[in-house]
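The values are calculated or read from the model by the stated rules, or taken from the named source; none is laboratory data. Bear in mind that the values here come from a model prediction, so they are computed numbers and not experimental data. Counting neighbours? That spans all protein chains shown, and the Cβs are built from the backbone with ideal geometry, glycine included. Calculation scope for accessible area: heavy atoms of the full protein, side chains included, ligands and nucleic acids excluded. Shrake-Rupley method; radii C 1.70, N 1.55, O 1.52, S 1.80 Å.
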Amino acid sequence: PTKIAVFASGSGSNFQAIQEAIEHGELNAKIELVVTDKPGAFVITRAKKSDIPVLALNPREFASKADYETAIIEALHEREVEWIVLAGYMRLISGVLLAAYSQRIVNIHPSLLPSFPGKDAIGQAIAHGVKITGVTVHFVDEGMDTGPIIAQAAVAVVEGDREATETAIHKEEHLLYTKALQQLFK
Ligand code: GAR
C-alpha cells in the first residue's frame, strides 16, 4: 500500500472517508500520520479512534513557515510517507514541502476550480448565485487552490438552503476523493 499522510485543519470528514475506503479494501493505501495545524481540531479525535498517529503543531510556535514545514517533513520521513493528501488543510503549502514532495501532494476543494478558490468556497458560490457548483481534486502548487486538475464533479446548489448544499458537496467530496486516490495509488 502507498504510505500517505492526511493533512487537516477541521472536522476531518474527508479523512474519515479515506480511512473507511482503506478499511473496506477499496483504496490501496495506509494513513501513516495525520498532520494538523489546529491542536483542537475534531480530526484528531477521529484519527485516535482509528489508531492513527497525529502530529499537531502550532505554526505560530515556529520562527518561520520553513521551520514549521521542516518539522513536518522530519515526521513524514520517519514514517516513510510517500504522498500527502490535503483534506481541509487551510494553509498554503510553501516551497519547502513542495520540494520534498514534488508532484506528490493532492488537495480537495469544494468548488469547480478555477471558480471560487480560497476560504468558504461554498458561501462564495451561493453569494454569486451559481446554480451548479461542485468539487475539485487537484495537484498542489504554490498557489491557492491552483495546480493541475485530477478530477471534478458537479453538484447542484439547493436554492435557499445552504445546509443542504453543503451536505451534498461533502457527500460528493467523499466519493470523488476516494475515486481520484484509487487512480493515483493503484
Ligand atoms: C472540505 O469541504 C474541503 O474541500 C475544504 O474544507 C472542508 C474540510 O472538511 N477545503 C478547502 O476549502 C481548501 N481550500 P472536512 O474537515 O470535514 O474534511
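How much of the accessible area of segment 43-93, probe 1.4 Å, is carbon plus sulfur, in whole percent? Taking all protein chains in place, segment 43-93 shows 47 percent carbon and sulfur surface. Calculated from the alpha-carbon coordinates, segment 17-90 shows an Rg and a Dmax of 12.9, 42 Å respectively.
Per residue, the solvent-accessible area of segment 133-175 (1.4 Å probe, heavy atoms of protein chains only, all protein chains present) comes to 53 Å². By the Cα gyration tensor, segment 11-158 has an equivalent ellipsoid whose semi-axes, rounded to whole angstrom, run 26, 19, 15 from largest to smallest.
In this calculation the C-beta distance from ASP67 to PHE42 is compared with R0 = 25 Å, giving a FRET efficiency of 0.40. Counting only DSSP beta bridges with both residues in the chain, tell me the antiparallel percent, nearest 5. Among the beta bridges of the chain, antiparallel pairing accounts for roughly 40 percent.
Every Cα-Cα pair of segment 88-186 was included, and the share exceeding 22 Å stands at 29 percent. Against the chain, whose longest principal axis is taken from its Cα atoms, helix 13-23 shows a tilt of about 70°.
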